[in-house]
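Have a look at the structure below before the remarks.
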Amino acid sequence: METVLINLNYQMNKSLPMKETYYIIGKERGKRYTNSFKIIDVNLAKYKELCYDECIKGNKEHIHIVMLNSNIEEIKKLSKKDEVVKEYEEKMLTLTKDGVVINHLSYEEDQEKIMRSLKKEYRKEGLEEGIKEGKKEIAKKLLQMNMKIEDIINATSLSEEEIKKLQ
């Protein structure tokens, strides 16, 4: 299995290549340490410089990469040529006003959202734990009634190992 890390870099120097691939090289031997991991740096500043004019002219081959590094005015120009960019522009306009995010959350609001999400997850985990404990209690009673383990497995969905631990 190969792992690829892609860096979409907006701050790279325009004189650097549009795309560069890096591998882990052993310092002593100077050979590639592994072929299953590589890093690809995409120089979006260079990409934008090379592709923007072509996208405006109608060559849409790279338009979706160019839009990642475009301001709202550039997006408006690009959206005339492409429906996906038009949809992106509409979403950007609902989120921003003069380049500032409208729905900005304060630190406190952000923390509150995080806590609500965690509480919801903890409740779900607690519910699942409670269901599992309930199944174990039922399995114990069925064992006391001398029911076959196979039938208890079918009734509770517990594994054979879990049921044997309850005996």
- Note on the structure: Of those in the stretch 136-151 that are assigned to a loop (DSSP other than H, G, I, E, B) and not basic (K, R), the residue nearest to the chain's Cα centre (by Cα) is M147
- Looking at K91, is it modelled with pLDDT of 70 or more, in the same structural domain as V42 (by TED's automatic domain parsing) and surrounded by fewer than 13 Cβ atoms within 10 Å (Cβ to Cβ)? yes
- Message: Condition first: surrounded by 13 or more Cβ atoms within 10 Å (Cβ to Cβ), more than 30 Å from M1 (Cβ to Cβ) and modelled with pLDDT of 70 or more. Can you find one or more residues in the stretch 26-44 that meet it?
- Response: no
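Suppose we keep only residues that are among the polar types (S, T, N, Q) and surrounded by fewer than 11 Cβ atoms within 10 Å (Cβ to Cβ) within the stretch 100-120. Which one would you say is modelled with the lowest pLDDT? So that I can check it myself, show each step before the final result.
From the stretch 100-120, those among the polar types (S, T, N, Q) are 103, 106, 111, 117; that's our starting set.
Checking the rest, the ones that are also surrounded by fewer than 11 Cβ atoms within 10 Å (Cβ to Cβ) come to 103, 106, 117.
Details: N103: 51, S106: 68, S117: 80.
That would be N103.
Determine, yes or no, whether K97 is more than 30 Å from D41 (Cα to Cα), more than 25 Å from the chain's Cα centre (by Cα) and at pLDDT below 75. Show your work before the answer.
Details: more than 30 Å from D41 (Cα to Cα): yes; more than 25 Å from the chain's Cα centre (by Cα): yes; at pLDDT below 75: yes.
It is true that K97 is more than 30 Å from D41 (Cα to Cα), more than 25 Å from the chain's Cα centre (by Cα) and at pLDDT below 75.
The values are calculated or read from the model by the stated rules, or taken from the named source; none is laboratory data. Just so we're clear, the structure is a prediction, and the values are computed from it rather than from any experiment. Please note: Cβ atoms are built from the backbone with ideal geometry, for glycine as well, and neighbour counts cover all protein chains shown.
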